[in-house]
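Notes follow the structure.
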Amino acid sequence: MSSSVIDFVATEARFGAHNYEPIGVVLSRGEGVWVWDTEGNRYLDCLSAYSAVSQGHCHPKILAAMVEQAHRLTLTSRAFHNDQLALFYEEIAALTGSHKVLPMNSGAEAVESAIKSVRKWGYEVKGVPDGQAEIIVCANNFHGRTLGIVGFSTDPETRTHFGPFAPGFKIIPFGDATALEEAITPNTVAFLVEPIQGEAGVIIPPAGYFMKVRELCTANNVMLVLDEIQTGLGRTGKLLAEQHEGIEADVTLLGKALSGGFYPVSAVLSNNDVLGTLRPGQHGSTFGGNPLACAVARTAMRVLVEEGMIENAARQGARFLQGLKDIRANTIREVRGRGLMLAVELHPEAGRARRYCEALQGKGILAKDTHEHTIRIAPPLVITSDQVDWALERFAATLTQDFS
Ligand SMILES: *Cc1c(COP(=O)(O)O)cnc(C)c1O
């Protein structure tokens, strides 16, 4: 490592809270699927900032929209109207078929906002006694890092010594519709779930699960809240992952790729009166719905559709998945994926996934381990067939090594 790399890493370690354990690469530039480190080495980005950079690094049209808007007006707060918010509403509603939109910034804020909204809906529309609302969530969920959210996580690492936590959440196994049926009570206001559990290691539920979930929620007047912050906006080869299941959520959460990685932009979308229960002064955010965020998100959504990125995610995802399945290596326990949301789960005896990610780095690929034994693969949706094949050669070479 050159001295400049050591400087960046050491300085981060010296001053920063150690709440991450980054792979030892210092990035300074990105374009499309590629990123470059401070020494000029090029890598294919197979993380895409946890799927926030789906449109590719520094997409020229999103960049132009951001710069143009930054010259004109960046922040007004919602105390005044701005000339971008209405257009953002119109375009995101048209894209997703939603009726109401609540703009926020981070994904966790969208989740928190949805929790507040469905509770309020439960009290004011469903008629749940005040203070009794229950929300059902799944084991191994990942919905963000705020206190409210980590309180219903089942991962000891994210919870330990952060309590006490808010009550009102029930945890059931993911992919088990019977467990949902048994957990619902008259006080249940919502079922909050990821279509595919991302951080848990790209866990795809059994076919037909969400159909049954939709039926149960409808039958019991329970709001189905789909956290599509990672799966949404083309990542799985459809605009929304719910489309694979042929269902519609009552509340959909988007974030990450909503800005193409330029800026934190998230949104709560609803098809009913959930967001309608919010009155002036009851919820808000200084930056939520600001004109810069809206201009960036409008263009990020536009290029996703105009440049065929969703279809490309389906096409290249199928190619990538098949290529990974064709790798004959006894380190591999299972290969999973839908669209460009992919994972290779290693046999525990093969050693930690982290070692494989470090080996991939040496071959020009940046990927991130999750939960000890899983390598997640989520390149930008603009990846080409040649780039997929280039990556597959390197995955094959790495996965046939043994780091145990
Ligand atoms: C990343 C993520 C979040 C949290 O988003 P932040 O912007 O990091 O707060 C919530 N839900 C899911 C499914 C995610 O992948």
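Would you check if residue 126 is surrounded by fewer than 21 Cβ atoms within 10 Å (Cβ to Cβ) and in contact with a Gly (Cβ under 9 Å, 6 or more places away or on another chain)? Considered against the rule, which asks whether it is surrounded by fewer than 21 Cβ atoms within 10 Å (Cβ to Cβ) and in contact with a Gly (Cβ under 9 Å, 6 or more places away or on another chain), residue 126 comes out as no.
Tell me, yes or no, whether the range 233-250 has at least one residue that is in contact (Cβ under 8 Å) with a residue 24 or more places away in the chain and open to solvent by 70 Å² or more (accessible area, probe 1.4 Å). Yes, the range 233-250 has at least one match.
Among the residues making up the range 264-278, a single one is open to solvent by 20 Å² or more (accessible area, probe 1.4 Å) and either within 16 Å of the chain's Cα centre (by Cα) or within 13 Å of the ligand (Cβ to nearest atom) (or both): 264. Assess whether residue 302 counts as being open to solvent by 20 Å² or more (accessible area, probe 1.4 Å) and assigned to a strand (DSSP E or B). Criteria not met by residue 302.
Residue count for the range 171-205, restricted to those that are of a type in the set (Gly, Ala, Ser) and within 14 Å of the ligand (Cβ to nearest atom): 3. Looking for something within 24 Å of residue 353 (Cβ to Cβ), without any contact (Cβ under 8 Å) to a residue 40 or more places away in the chain and either within 21 Å of the chain's Cα centre (by Cα) or not assigned by TED's automatic domain parsing to the domain that holds residue 269 (or both) - is there at least one such residue anywhere in the range 116-139? Yes: one or more hits. Quick check, is residue 261 open to solvent by less than 10 Å² (accessible area, probe 1.4 Å), on the phi > 0 side of the Ramachandran plot and touching a residue at least 24 places away in the same chain (Cβ under 8 Å)? So residue 261 fails the test.
For residue 131, indicate whether it is part of a loop (DSSP other than H, G, I, E, B), in contact with a helix residue (DSSP H, G or I) (Cβ under 7 Å, 6 or more places away or on another chain) and either of a type outside the set (Asp, Glu) or away from the ligand (no atom under 16 Å from the Cβ) (or both). Considered against the rule, which asks whether it is part of a loop (DSSP other than H, G, I, E, B), in contact with a helix residue (DSSP H, G or I) (Cβ under 7 Å, 6 or more places away or on another chain) and either of a type outside the set (Asp, Glu) or away from the ligand (no atom under 16 Å from the Cβ) (or both), residue 131 comes out as no. It is to be established whether one or more residues within the range 32-40 are aromatic (Phe, Trp, Tyr) and more than 16 Å from the ligand (Cβ to nearest atom). Checked the range 32-40: at least one residue is aromatic (Phe, Trp, Tyr) and more than 16 Å from the ligand (Cβ to nearest atom). Every condition in (1) out of contact with any Gly (no Cβ under 8 Å at 6 or more places or on another chain); (2) free of Cβ contacts under 8 Å to residues at least 60 places away in the same chain; (3) within 30 Å of residue 321 (Cα to Cα) is met by residue 170 except one, and the failing one is (3).
The values are calculated or read from the model by the stated rules, or taken from the named source; none is laboratory data. Bear in mind the structure is a predicted one, so any value in this text is a computation, not a measurement. So basically every Cβ, Gly included, is an ideal-geometry build from the backbone, and we count neighbours across all protein chains shown. Note: areas computed on protein heavy atoms with side chains; ligands, DNA, RNA excluded. Shrake-Rupley method; radii C 1.70, N 1.55, O 1.52, S 1.80 Å.
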